[in-house]
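The structure appears right after this line, and notes come after that.
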Amino acid sequence: MVPALMIMTATVLPRLIGARRRVTVMAAAGALVAASFALLPHGSFTPASMRSWAEAPYLDRQRLAAAPKAGRPATLAAQRVGAGLDRASRCCQGSLVPMPDFIRLMEQIHTIIGNRTAYVADFPGEYPGAVYFGADLNPAPVSSDPDSSIETESEWQAFLADFHSRVLPQTQAVLTSSLKTPEAQFFLQKYLNSRRITLRYDGQPYYVLLR
């Protein structure tokens with residue numbers, strides 16, 4: 001922001017203080033730019049530091065080119081996360097769960113659900129979209145995404161009504177961290193013979209409900 005501020009100051013300030021002639025404006029602008037260099041540390045102007053600035057982009061690319069390429073991940077979930085990230089120490093923003101644990105759960109979910117139409121009610125600490133993407137699921141045709149939009153109480157009730165009447169008959173699996181979520185309750189009430197599979201994530205149960 002500082003270079004941009006200096007450019008704007010040198011361009012605008014001379015005219016704001018009354019300069020009208022082109023020569024006067026250019027002289028004042030030049031003086032302001034020259035004065036701005038006094039704000040920098042003296043060491044910034046040494047040949048060694050300027051050379052290091054100039055060489056940094058080239059050297060960075062040389063180091064990247066010399067680094068060994070990450071191999072292709074072995075599982076579908078790891079491939080969707082991406083080579084290199086599949087071994088990250090943390091899977092997600094604000095989470096302490098290692099990426100391999102997240103990938104392992106996504107692979108389990110994909111194996112269980114397959115190409116069934118699935119609805120993700122929630123996911124601990126993250127958006128349900130992480131499960132749709134990581135496990136490569138076939139999403140249920142919901143009217144909106146409550147987790148990525150702000151909804152009033154009336155809009156939430158309208159969403160649940162639409163889910164119960166239109167989406168539920170087309171949904172073959174529900175994923176949730178709590179069996180008390182409205183969507184899980186609707187599913188269990190409608191499909192009395194549904195299967196309940198309990199997985200584990202971050203030390204807590206994560207449920208997969210199947211018709």
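Here is how the numbers come out for the structure above:
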| quantity | calculated |
| --- | --- |
| Most positive-pole-ward Cα, Pro139, Leu210, Phe102, against dipole of the chain from beta carbon charges | Phe102 |
| Trypsin sites (Lys or Arg not before Pro) within the range 1-110, DSSP loop, no more than 13 other Cβ atoms inside 10 Å | Arg20, Arg21, Lys69, Arg90 |
| Most fluctuating residue given options Asp86, Asp162, Asp60, as computed from a GNM of the chain linking Cα atoms under 10 Å | Asp60 |
| Quotient of C-alpha Rg and 2.2 N^0.38 Å, computed over the range 2-66 | 1.63 |
| Cα-based convex hull, the range 1-122, per residue volume (Å³, whole number) | 265 Å³ |
| Extreme residue, positive dipole direction of the chain, given options Leu76, Met1, Val12 (C-beta unit charges) | Val12 |
| Within the chain: Cβ-based charge dipole about Cα centre, in debye rounded to nearest 20 (Lys, Arg +1; Asp, Glu -1) | 820 debye |
| Two-site label geometry, Asp145 and Leu32: point separation in nm, points 7 Å out along Cα→Cβ | 4.4 nm |
| Projected-area mean, the chain, by convex hull of Cα positions, square nanometres | 20.9 nm² |
| FRET efficiency for Leu13 and Ala54, using Cβ-Cβ distance with R0 set to 30 Å, rounded to 0.05 | 0.45 |
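Just so you know, all these numbers are worked out from the coordinates, no wet-lab data involved. The model shown is predicted, which means the values in this text are computed figures rather than measured ones. Reconstructed Cβ throughout: ideal geometry from the backbone, glycine too, with neighbour counts over all protein chains shown.
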